[in-house]
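The values are calculated or read from the model by the stated rules, or taken from the named source; none is laboratory data. Worth saying up front: this structure is predicted, and the values here are computed from it rather than measured. Because the Cβ atoms are built from the backbone with ideal geometry, glycine has one as well, and the counts that use them run over all protein chains shown.
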């Protein structure tokens, strides 16, 4: 069996989820890692018996790569992705796709033009609670969605931002609580509603941070062409990472998700519950164990199963990432202009 040659660009906090997922598969070989911080790249290279690089284009030119995983600051996702796809290399990138909607479209166009696959991580779609709600919507057991609401109240202190050379900036992170913390929950809501956007009407502000340019609070409504209107509220100046909350008011019942646990209560009296399996864990090089990482593994496995021809579709194609990118960018456009953004 010929192994696919894989590299990871970016050796920061999210690196272990990708590295462990790659090295668990017998059909993959992690041959190179890249980071502008030489000591970090060298450390991971030693650990995984890979070659270390400081420049990803040098790595792409010198190694015969089949796939690269992009674990970089948001503003670098697009240039790194297109550098790879232009070289006929498949790409799996972390969320968000990028900062600007047009750049995300260019990423997809480049992948298509060069006949390679582009995947975007939105691993929370694999959580058991997310799957329960989606499946019951798909089957019709919940009926149509009538309305939805979500809340994200987390803690990202000024000290958190001090430890990063790119977070908290418009030009590098692309925003704050929306693009970095709430994006997964907003993606889930859009996935559940399953309709094109009609308009976004949002407000954003920085209410509790001294050291950042971007928003630490956002709220608003997202309306869809199927008539559903959803409300969102997100802050990252709470005192801890409270469980995210999603509620869907549907024709035949109410679906609620708190953290990863979903409870669906139908009007006929039936109740369905799904939560993570405590026995379903994954161990990373940092010693992290947990169901969060299991969902990363599931999406990455689907990506490679698709490349190997073992499944006929990606669960989360790049076009899904583009739709969520459009929504995120519309929230910022509306919040900065104080105007409703229509589609």
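One table, with the values for the structure above:
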read-out	value
Residue that is in the same structural domain as residue 181 (by TED's automatic domain parsing), touching a helix residue (DSSP H, G or I) at 6+ places or on another chain (Cβ under 6 Å) and outside any loop (DSSP other than H, G, I, E, B), where the choices are 223, 218, 231	218
Test: residue in the range 22-37 that is farther than 22 Å from residue 303 by Cα, crowded, with 17+ Cβ neighbours inside 10 Å and in contact (Cβ under 8 Å) with a residue 24 or more places away in the chain	yes
Residues within the range 211-233 that are buried (at least 20 other Cβ atoms within 10 Å of the Cβ), closer than 15 Å to residue 328 by Cα and touching a residue at least 60 places away in the same chain (Cβ under 8 Å), tallied	7
Filter result (buried (at least 16 other Cβ atoms within 10 Å of the Cβ) and either in contact with a strand residue (DSSP E or B) (Cβ under 6 Å, 6 or more places away or on another chain) or assigned to a strand (DSSP E or B) (or both)) within the range 199-210	199, 200, 201, 202, 204
Test: residue in the range 170-192 that is over 21 Å from residue 332 (Cβ atoms), touching a strand residue (DSSP E or B) at 6+ places or on another chain (Cβ under 7 Å) and part of a helix (DSSP H, G or I)	yes
Counted residues, the range 105-140 - those being buried (at least 17 other Cβ atoms within 10 Å of the Cβ) and closer than 29 Å to residue 277 by Cβ	17
Cβ-Cβ under 7 Å pairs, at least 6 apart or on other chains, the range 248-262 side more than 12 Å from residue 136 (Cα to Cα), far side part of a strand (DSSP E or B) and modelled with pLDDT under 95	none
Checklist (1) surrounded by 15 or more Cβ atoms within 10 Å (Cβ to Cβ); (2) in contact (Cβ under 8 Å) with a residue 12 or more places away in the chain; (3) in a helix (DSSP H, G or I) applied to residue 69, failing item	(3)
Residue 264 being in contact with a strand residue (DSSP E or B) (Cβ under 6 Å, 6 or more places away or on another chain) and within 24 Å of residue 328 (Cα to Cα)	no
Unique match (being within 19 Å of residue 322 (Cβ to Cβ) and part of a helix (DSSP H, G or I)) among 78, 41	78
Residue list for the range 121-150, restricted to those being more than 29 Å from residue 304 (Cβ to Cβ) and either assigned to a loop (DSSP other than H, G, I, E, B) or touching a helix residue (DSSP H, G or I) at 6+ places or on another chain (Cβ under 8 Å) (or both)	140, 141, 142, 143, 144, 145, 148, 150
In the range 234-277, the residues that are assigned to a loop (DSSP other than H, G, I, E, B) and buried (at least 21 other Cβ atoms within 10 Å of the Cβ)	236, 244
Residue tally, condition more than 20 Å from the chain's Cα centre (by Cα) and at pLDDT 95 or above, over the range 165-199	2
